[in-house]
Amino acid sequence: MTLTGTRTKPLAKLLVMAATIATVAVAAPASADSDAAGGRTKDLGTLPGGNLSWAYGINEGGVVTGYSEDASGKSHAVRWDRSGKISDLGLLPGYAESMGFTINNSGVVAGRAYNGHVTSERATVWDAAGTIKELPTLPGAKLNRSYALNDHGTVVGVSSNSLNVFQAVRWNTDGTLTKLRGPQAGEPFSGASWVNIHGVTSGFWGTEALLWGPEADPTPRVLENLTLASGPTIDKAYAVNDNGLAVGAAVDKGAFSHPVRWTKEGKVSELKLLPGDVGGAAYGISNDGYINGYSMNAVGVHRAVRWSPDGTIALLVDVTVPSEGYMINESSTVVGVTTTRNNKIHAAVWR
């Protein structure tokens, strides 16, 4: 089992529903606990009896969240402590599965609860003790997801409109829900993917990458488009750090994703790929400017990478191992997924 195709980060992949896990043979995947070019891969494992796990978020204490299959194959939101011990965060009553996406420094997790057919989803948060709470939705919304939260308790994500089209939303610190408006009228596909300590939110509205201001002034600001020789791109801002630097991806007319970084002023630049690679995306950025994401080769295999502030790219795994890095903390520790020696997808951490 490998990570191939147009997979995006958890926030992005669940927004665009473009993720695929293909069953493809690859050359000798390395052990999930192994030294690699950019650091050491630690396999975080699964719940007892589970075959699959994903790590999506990490806080400054090294506590990780994501999900794991249980022995029955159902997905449960989980939390791994710094030593790697896994805890099942459980389910929302009436829902069979759950996922955790991000975890703040108080141990609060943002995620979603859903049933396997995904006709109804609820945005959820788990407190530090593991108690789950459902968040409010837009009127009549069936599809709702909370993707990120900051240390003040501001949560961002999506809630669907009457046509089941995702709309970017923010749950304010008082618990109220705000629909994040776009730069023009209308309700195109939109989503909010990250919120920094100042309440600035990253995401997209239609084909444009955006930053929304904090609760006091949520005015949207359109980020510069990455225009290539083939023409303009479809852009998404996946994260913004506390200094206002944003990262994301720009998709060209050939459906290839390009990793990008925006300055505080909103100017865009493309990040380097691994030699010979053809695509990638940038998913997270620390306050020091280190960036995590993936680089994709010509046959569609993704490898977890980390970019330094000067744009230098480093491979986090052995070159043959399909993997992705989804989030980075201030210690430059990256979490994501890797392929084990027996071709299973497991949550991983690179320190």
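The values are calculated or read from the model by the stated rules, or taken from the named source; none is laboratory data. Quantities reported herein were computed from a predicted structural model and do not represent experimental measurements. A quick note on method: Cβ atoms are made from the backbone with ideal geometry, for glycine too, and the neighbour counts reach across all protein chains shown.
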Criterion (assigned to a strand (DSSP E or B) and touching a residue at least 12 places away in the same chain (Cβ under 8 Å)) met by exactly one of Ala255, Ala237 = Ala237
Quickly run through region 157-187 and pick out the residues that are out of contact with any His (no Cβ under 8 Å at 6 or more places or on another chain), β-branched (Val, Ile, Thr) and surrounded by 11 or more Cβ atoms within 10 Å (Cβ to Cβ).
-> Val158, Val165, Val169, Thr178
Scanning region 294-313 residue by residue, those within 20 Å of Asp43 (Cβ to Cβ) and not hydroxyl-bearing (Ser, Thr, Tyr) turn out to be Val301, His302, Arg303, Ala304, Val305, Arg306
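Say whether the condition of being out of contact with any helix residue (DSSP H, G or I) (no Cβ under 9 Å at 6 or more places or on another chain), of a type outside the set (Phe, Trp, Tyr) and modelled with pLDDT under 95 is met by at least one residue in region 265-277.
No, region 265-277 contains no residue that is out of contact with any helix residue (DSSP H, G or I) (no Cβ under 9 Å at 6 or more places or on another chain), of a type outside the set (Phe, Trp, Tyr) and modelled with pLDDT under 95.
Residue-by-condition table, conditions (1) under 30 Å from Glu69 (Cβ atoms); (2) buried (at least 16 other Cβ atoms within 10 Å of the Cβ):
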position	(1), (2)
Lys267	no, no
Glu270	no, yes
Tyr283	yes, yes
Gly293	yes, yes
Ser308	no, no
Thr338	yes, yes
Residue that is among the acidic types (Asp, Glu), out of contact with any Lys or Arg (no Cβ under 9 Å at 6 or more places or on another chain), more than 18 Å from Trp194 (Cα to Cα) and at pLDDT 95 or above, where the choices are Asp70, Asp88 = Asp70
Would region 202-212 turn up any residue that is farther than 22 Å from Ala249 by Cβ, more than 18 Å from the chain's Cα centre (by Cα) and either at pLDDT below 95 or assigned to a loop (DSSP other than H, G, I, E, B) (or both)?
-> no
Taking strands (runs of 3 or more DSSP E) that fall entirely within region 265-330, which contain at least 3 residues that are under 14 Å from Ala249 (Cα atoms)?
-> 268-270, 279-285, 291-296
Residue by residue through region 225-264, note down the ones that are buried (at least 24 other Cβ atoms within 10 Å of the Cβ) and either out of contact with any strand residue (DSSP E or B) (no Cβ under 9 Å at 6 or more places or on another chain) or of a type in the set (Lys, Arg) (or both).
-> Lys236
Cβ-Cβ under 9 Å pairs, at least 6 apart or on other chains, region 112-131 side surrounded by fewer than 13 Cβ atoms within 10 Å (Cβ to Cβ), far side at pLDDT below 95 and among the basic types (Lys, Arg) | Thr119/Lys142
